Amino acid sequence: STIVGLSHNIFRCIRWRYLLNPMKRNIGFYNLFSTTIIGYTVSWLIPGRLGEVVRPVLLGQREKISKSAAFATIVIERFLDGLTVIFLFGIFLFVFRFDVSHVSNQHLLAAAKYGGFLFTIVAIGTFIFLLILVQNKERIRALMEHKENRPKSFFIRKLSEIFYAFVEGAAVLK
């Protein structure tokens, strides 16, 4: 199990490096691996999957990249993980046909079916939304930097900068 766990983490680091490539090429494997393990540890110790936030923040500090953009790659990772689960479940349902008439709670089975369908629709909608953001990145930047549209509040201005950095981090979808 140690070899499988180590292989899994190495694969995740390679995938994360690929997602981070539009921001910075050749990010050090040590930084990727150590921040991944630290993130898992934080998620294990503190509820709420806080490690998913810690990971990009640490990597951003170590590699001098935008933390918001690095966080966007985590969102994309989770999205890809969800699509993979849906895909594998779909293959399972297609390959392994089974009789569900013996299931005592047909309402629960129907709820699971509709829940999966709803999750798929939300995932596709999120993916389309991210694609639209990435495709219109320069328009968003111009709109945010236009003098009349520039927010007066420091908080809103900072939030706009974080949002744009997030959109830049999603550039791997392009």
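The values are calculated or read from the model by the stated rules, or taken from the named source; none is laboratory data. Remember, predicted model here, so these are calculated numbers, not experimental data. Side chains are part of the model used for accessible areas, which takes the heavy atoms of the whole protein and leaves out ligands, DNA and RNA. Shrake-Rupley method; radii C 1.70, N 1.55, O 1.52, S 1.80 Å.
Take every pair of alpha-carbon atoms less than 8 Å apart whose residues are at least six positions apart; their mean separation over the length of the chain yields a relative contact order of 26 percent.
If you count only protein heavy atoms with a 1.4 Å probe, what accessible area per residue comes out for segment 13-107, rounded to a whole Å²?
63
Can you give the angle from 0 to 90° between the axis of helix 106-135 and the longest principal axis of the chain, with both taken from C-alpha atoms, to the nearest 10? Its long axis makes an angle of about 20 degrees. Relative to the longest principal axis of the Cα atoms of the chain, the long axis of helix 51-63 lies at roughly 40 degrees.
Carbon-plus-sulfur accessible fraction, the chain (probe radius 1.4 Å, protein heavy atoms only): 70%.
Axis angle, to the nearest 10 degrees, between helix 2-20 and the longest C-alpha principal axis of the chain: 40 degrees. Springs join every pair of Cα atoms under 10 Å in this Gaussian network model of the chain, and among P56, P47, P22 the largest mean-square fluctuation is at P47.
Of all the options L131, L45, L20, the one that moves most in a Gaussian network model of the chain with Cα springs shorter than 10 angstrom is L45.
Once P(r) over Cα pairs in 10 Å bins from 0, in percent is calculated for the structure shown, the corresponding label among (i) 9, 31, 29, 19, 8, 3, 1, 0; (ii) 8, 13, 11, 9, 8, 7, 6, 6, 5, 5, 5, 4, 4, 3, 2, 2, 1, 0, 0; (iii) 9, 28, 30, 21, 10, 3, 0 turns out to be (iii). Rounded to the nearest 500, the 222 nm mean residue ellipticity of the chain from helices alone is -26000 deg cm²/dmol, with -39,500 (n - 2.57) taken per DSSP H run of at least 4 residues.
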